[in-house]
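S.K.: Got a structure for you, written out below as structure tokens; questions coming shortly.
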Amino acid sequence: MFAISLGDDGAELRPLEPWRAEEFLTHMDRGREFVGQHIGLPDVVADLDSARAYLTSYAEKAASDTGRLYGIWSEGTLVGGVLFRTFDAANGTAEAGCWLEPSAAGKGLITRACRVIIDWAIEERGLHRVDWYASTKNLPSIAVARRLGMTKEGVLRENYLYRGSRSDTEIWSVLAPEWRAAKAS
């Protein structure tokens, strides 16, 4: 297994694999309400079997080259994650996403972790475009998109039905030439 340092604070990015289901569930239980404000992950990961199934689904996506899932550890504790919800190498596109428990918020962990995976997707895998979808109410996620140098492309109106309510979704993206230019400057 590998771990990639996310900076001087000891935070690390590691694969989040099925054998970590108990740790993943414990993490989700700590952040269930906070994470669930904008995304359905806490509803999907309700018990050990569903945690294992979720992690297994991403292991299968990694094996078929259609998605990736990584955990963020801080001081040895799983506190969040980043992922490629979709990954289409043939078309050169992916959709990145994230979640974080409240104890780790405001430390730049998501931005740092996303920089690692986006850089890998563009530089190692040759992707041309990485998308970022965020509820218009999810201001921290929108701030991450901005810090990553993404461009807001528009809003999908009332496209996301979540817990009985419809919400709008902002679409952000970064193209490979933009990513490389930002890294060079």
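The values are calculated or read from the model by the stated rules, or taken from the named source; none is laboratory data. None of the values given here were measured: they were computed from a predicted structure. With ideal geometry, Cβ positions are generated from the backbone for all residues, glycine too; neighbour counts draw on all protein chains shown. Surface accessibility is based on the protein's heavy atoms, side chains included, excluding ligands, DNA and RNA. Shrake-Rupley method; radii C 1.70, N 1.55, O 1.52, S 1.80 Å.
S.K.: For segment 162-185, which positions are hydrophobic (A, V, I, L, M, F, W, C) and not in a strand (DSSP E or B)?
M.R.: Those that are hydrophobic (A, V, I, L, M, F, W, C) and not in a strand (DSSP E or B): Ala176, Trp179, Ala181, Ala182, Ala184.
S.K.: May I ask you to list the residues in segment 148-185 that are of a type in the set (A, V, I, L, M) and either surrounded by 17 or more Cβ atoms within 10 Å (Cβ to Cβ) or modelled with pLDDT of 95 or more (or both)?
M.R.: Leu148, Met150, Val155, Leu156, Ile171, Val174, Leu175, Ala176, Ala181
S.K.: Using the structure shown, decide if Gly106 is closer than 29 Å to Trp19 by Cα and assigned to a loop (DSSP other than H, G, I, E, B).
M.R.: Taking the combined requirement at face value, the residue satisfies it.
S.K.: Of all residues being of a type in the set (D, E, K, R) and open to solvent by 60 Å² or more (accessible area, probe 1.4 Å) in segment 45-101, which is nearest to Trp120 (Cα to Cα)? Just the residue, please.
M.R.: In this case the residue turns out to be Arg85.
S.K.: Can we say Thr86 is over 25 Å from His128 (Cα atoms), in contact (Cβ under 8 Å) with a residue 12 or more places away in the chain and of a type in the set (Ser, Thr, Tyr)?
M.R.: no
S.K.: Consider Val35 carefully, then state whether it is under 16 Å from the mean Cα position of the chain (by Cα) and without any contact (Cβ under 8 Å) to a residue 12 or more places away in the chain.
M.R.: no
S.K.: While we're looking at this one, here's another question. Would it be correct to say that Ala145 is among the small types (Gly, Ala, Ser) and surrounded by fewer than 18 Cβ atoms within 10 Å (Cβ to Cβ)?
M.R.: So Ala145 does not fit the description; no.
S.K.: What number goes with the only condition from (1) open to solvent by 50 Å² or more (accessible area, probe 1.4 Å); (2) part of a strand (DSSP E or B) that Glu123 does not pass?
M.R.: The one condition Glu123 does not meet is (2).
S.K.: What are the residues in segment 41-77 that are over 17 Å from Phe87 (Cβ atoms) and touching a strand residue (DSSP E or B) at 6+ places or on another chain (Cβ under 6 Å), if any?
M.R.: Leu41, Gly71, Ile72, Trp73, listed by residue number.
S.K.: Quickly run through segment 164-185 and pick out the residues that are without any contact (Cβ under 8 Å) to a residue 24 or more places away in the chain and either closer than 20 Å to Ile117 by Cβ or charged (D, E, K, R) (or both).
M.R.: Arg166, Pro177, Ala181, Ala184
S.K.: Sticking with this one: Return the residues of segment 10-25 that are touching a strand residue (DSSP E or B) at 6+ places or on another chain (Cβ under 8 Å) and surrounded by fewer than 13 Cβ atoms within 10 Å (Cβ to Cβ); say none if nothing qualifies.
M.R.: Gly10
S.K.: Quick check on my filter: what residues within segment 75-108 are more than 8 Å from the chain's Cα centre (by Cα) and of a type in the set (D, E, K, R)?
M.R.: Glu75, Asp88, Glu95, Glu101, Lys107
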